[in-house]
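The values are calculated or read from the model by the stated rules, or taken from the named source; none is laboratory data. This is a predicted model, so every value here is computed, not measured. We place every Cβ from the backbone using ideal geometry, glycine too, and count neighbours over all the protein chains shown. Heads up: the accessible areas ignore ligands, DNA and RNA and are worked out on the full protein's heavy atoms, side chains in. Shrake-Rupley method; radii C 1.70, N 1.55, O 1.52, S 1.80 Å.
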Amino acid sequence: MVPRYARDAMVAIWSPETKFRIWFEIEAHACDAQAELGVIPKAAAEAVWERGGAATFNIDRIAAIERETKHDVIAFLTHLAEIVGPEARLVHQGMTSSDVLDTTLAVQLARATDILLDDLDALLAALKRRAMEHRETVTIGRSHGIHAEPTTFGLKLAQAYAEFDRNKARLEAARRDIATCAISGAVGTFANIDPAVEAHVATKMGLDVEPISTQTIPRDRHAMYFSTLAVIASSIERLATEIRHLQRTEVLEAEEYFSPGQKGSSAMPHKRNPVLTENLTGLARMVRGYALPAMENVALWHERDISHSSVERFIGPDATITLDFALVRLTSVIDKLVVYPDRMMANMNRLGGLMHSQRVLLALTQAGVSREDSYKLVQRNAMKVWNDGADFFDELMGDADVTAHLSEDALKDLFDLGYHTKHVDTIFARVFGGA
């Protein structure tokens, strides 16, 4: 975790204090269930809650014990015994370390996901607001980076909205998939612990019961979760890259907000660089990088090994913290994005009307010219625009082979910008539900 790219609320989920508090709650809830089953005295479960619940766990003390025991859960349980007293012997009855560790990771990932879902809601709101604002702001659409046909800037933002709306649905599904509890004991057979304990802990911790665990929760769940975060990161990069291209000096149809006192370059005072979206591109690469080790964690030896453990100590915090920061940063970029409609129109007109070439092609075919000949007629006039800076309409009007089939009024109709935006409302209704 790099503090520069981290927000406090998400960082807190992964702090040692939070981790040990979750460990305690899992153990204490398990004691309650064991007491209800008559496995341990109820007074012992009450003592665990009374003394442990009010305690502040000494992280340094736990670390000191772990240096000797070389086992983190045993170190915590030893420290808990120092706090609770004799009743602590009845904690962790029939449980194994993975019961605590895997269930805790599920709790942390679920809580982290709730923050990410809030982040997505904020981003979706910003995208919708700006899409509505620029619903009719005509701009040139590009394919291969080259002028194609007109679209609107609102449609660009609506596309991003639809993509992140899909991402929200994916993340909601990933949360359901990851939020499972396993309190099934060694090799997952419940030999030394009743399944009712697992069900009780799951309910108390806001999780579902893992239908079948070995000694670990199956890591296909985690692979899907981190892959989902990677897809969201890729969508962030897609939108960030679009903004970076639009901010290029030669384009300058939109740009990141440049605040008073901001400096763009240590050497060149004139610079206004797309630093935020460049940063988002880099952060997206990091989040995607966490997906591969999560998939490699799926193949564990037999009923349990810990080859996944070190990996998850990195990717759990880092992926969620980084994606949280990136989503919030992207929301701010969209909220403050400076848009230049006049520049959009000027850029669109740089190629002398070539954006209407398809309409001319189709009109010629409808007038009885073969598609092959129609294409040749349109392209030979279009190339004059590319090569000589001519005006496309004038070239077409001067081509007898074209005017033999299309009148001046017919050609003028083919250069109507409104033709390209006539279905904007239909698309917006599909994306925003009739908004």
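Quick one: how many Å² of Lys42 are accessible to a 1.4 Å probe, rounded to 10?
So the heavy atoms of Lys42 present about 110 Å² to solvent.
Among Val311, Val333, Val287, which one moves the most in a GNM of the chain with springs linking Cα atoms closer than 10 Å?
In this elastic network of the chain, the residue with the biggest mean-square fluctuation among Val311, Val333, Val287 is Val311.
Of Met268, Met344, Met224, which has the most accessible area and how do the rest follow, probe 1.4 Å?
Met224, Met268, Met344
For Val385, what is the net charge nearby, where nearby means another residue's Cβ is under 9 Å from its Cβ and Lys, Arg count +1, Asp, Glu -1? Walk me through the numbers on the way to the answer.
Numbers: positive: Lys384; negative: Asp388, Asp391, Glu395.
Combined, the nearby Lys, Arg, Asp and Glu give -2.
Where does each of 406-416, 17-27 land if you order them by average Cβ count within 10 Å, highest first? Please report the intermediate quantities before stating the final value.
Numbers: 406-416: 14.0, 17-27: 19.6.
Listed from highest to lowest mean packing, they are 17-27, 406-416.
Starting from 0.36 nm per residue, how many nanometres of slack lie between Glu68 and Ala9 once their C-alpha separation is accounted for?
Details: separation 59, 0.36 × 59 = 21.24 nm, distance 3.27 nm.
Gain on stretching Glu68 to Ala9: 18.0 nm.
What does the charge count near Glu87 come to, summing +1 for each Lys or Arg and -1 for each Asp or Glu among other residues with Cβ under 14 Å from its Cβ?
-2
For the pair Lys422 and Glu372, what calculated FRET efficiency results from E = 1/(1 + (r/R0)^6), where r is the Cβ-Cβ distance and R0 = 30 Å, to the nearest 0.05?
Details: r = 29 Å, r/R0 = 0.96.
Plugging the Cβ-Cβ distance into 1/(1 + (r/R0)^6) gives 0.55.
7 Å from Cα along Cα→Cβ at both Glu172 and Glu50: what's the point-to-point distance in nm?
4.5 nm
Using the Cα centre of the range 299-358 as origin and beta-carbon charges of +1 (Lys, Arg) and -1 (Asp, Glu), tell me which of Val339, Leu351, Leu323 is placed farthest towards the positive end of the dipole.
Leu351
So which residue, out of Arg170, Arg111, Arg359, gets the largest mean-square fluctuation from a GNM of the chain using Cα contacts under 10 Å as springs?
Arg359
Output needed for the range 174-222: three equivalent-ellipsoid semi-axes, defined as square roots of 5 times the C-alpha gyration tensor eigenvalues, in descending order, whole Å.
Working: eigenvalues 62, 39, 6 Å².
Over the Cα atoms of the range 174-222, the ellipsoid semi-axes are 18, 14, 6 Å.
Roughly how many Å² is the accessible area per residue of the chain, as a whole number, for a 1.4 Å probe? Don't skip to the end; give the middle numbers.
Details: 20780 Å² over 435 residues.
That works out to 48 Å² for each residue.
Residue separation times 0.36 nm, minus the C-alpha to C-alpha distance between Val2 and Thr18: what's the value? It would help to have the intermediate numbers written out before the result.
Details: separation 16, 0.36 × 16 = 5.76 nm, distance 1.88 nm.
Full extension of this stretch gives 3.9 nm more.
Restricting to DSSP H runs of at least four residues, report the calculated mean residue ellipticity at 222 nm for the chain, -39500 (n - 2.57) per run over all residues, nearest 500 deg cm²/dmol. Let's see the in-between values first.
Numbers: 19 runs with 269 residues, N = 435.
Result for the chain, helices only: -20000 deg cm²/dmol.
In Å and whole numbers, how far do the C-alpha atoms of the chain stretch along each principal axis, longest first?
101, 52, 38
Using a Förster distance of 45 angstrom, determine the FRET efficiency expected from the C-beta separation of Ile212 and Ala429, and round it to 0.05. Write down the numbers at each step before the final one.
Numbers: r = 45 Å, r/R0 = 1.00.
Once rounded, the FRET efficiency stands at 0.50.
Return the carbon/sulfur percentage of the accessible area of the chain, one whole number, probe 1.4 Å, all protein chains in place.
Working: 11020 of 20780 Å².
Percent of accessible area from carbon and sulfur atoms in the chain: 53.
Select from Thr139, Thr214, Thr228 the residue whose mean-square fluctuation is largest in a Gaussian network model of the chain (Cα-Cα springs shorter than 10 Å).
Comparing Thr139, Thr214, Thr228 in the GNM, the peak value goes to Thr214.
By how many nm would the segment from Thr241 to Leu362 lengthen if fully extended, with 0.36 nm per residue of separation less the alpha-carbon distance? Please report the intermediate quantities before stating the final value.
Details: separation 121, 0.36 × 121 = 43.56 nm, distance 3.32 nm.
Extra length from Thr241 to Leu362 when fully extended: 40.2 nm.
Which residues does the label zone of Tyr257 cover in the range 130-167, counting backbone N under 15 Å from a point 7 Å along Cα→Cβ?
Label zone hits: 130.
Counting only pairs 8 or more residues apart or on different chains, how many lysine pairs in the chain have their Cα atoms under 28 Å apart?
Summing the qualifying lysine pairs gives 23.
Rounded if a/c is under 1.5, else prolate if a/b is larger than b/c, else oblate: which is the range 1-155, with a ≥ b ≥ c the root eigenvalues of its Cα gyration tensor? Spell out each step's value before the answer.
Working: a/c = 3.92, a/b = 2.95, b/c = 1.33.
Prolate shape, in that a/c is at least 1.5 and a/b is the bigger ratio.
Given contacts defined as C-alpha pairs under 8 Å and at least six residues apart, what's the relative contact order of the chain, whole-number percent? Each step should come with its number before you reach the end.
Numbers: 587 pairs, mean separation 75.2, N = 435.
It comes to 17 percent, rounded to a whole number.
Have a look at the DSSP beta bridges in the chain and tell me what percent are antiparallel, nearest 5.
In the chain, approximately 80 percent of DSSP beta bridges are antiparallel ones.
Looking at the calculated P(r) for the range 230-322, what percent of the C-alpha pair distances fall above 18 Å?
Working: 2544 of 4278 pairs.
Above the 18 Å cut-off, the range 230-322 has 59 percent of its Cα pairs.
Starting from the Cα gyration tensor of the range 307-411, take the square roots of the eigenvalues, sort them a ≥ b ≥ c, and report rounded, prolate or oblate (rounded when a/c is under 1.5, otherwise prolate if a/b is larger than b/c, else oblate).
Details: a/c = 4.45, a/b = 2.70, b/c = 1.65.
Prolate is the answer for the range 307-411, as a/c is 1.5 or above and a/b outweighs b/c.
Where does each of Arg130, Arg135 land when they are ordered by accessible area, with a 1.4 Å probe and the largest first? Walk me through the numbers before you get to the answer.
Working: Arg130 15, Arg135 50 Å².
From most exposed to least exposed: Arg135, Arg130.
Expressed as a whole number of Å, what is the distance separating the alpha-carbon centroids of the range 297-321 and the range 55-104?
21 Å
What is the calculated FRET efficiency for Ala199 to Leu292, with r their C-beta to C-beta distance and R₀ = 35 Å, to the nearest 0.05?
On the way: r = 34 Å, r/R0 = 0.98.
It comes out at approximately 0.55.
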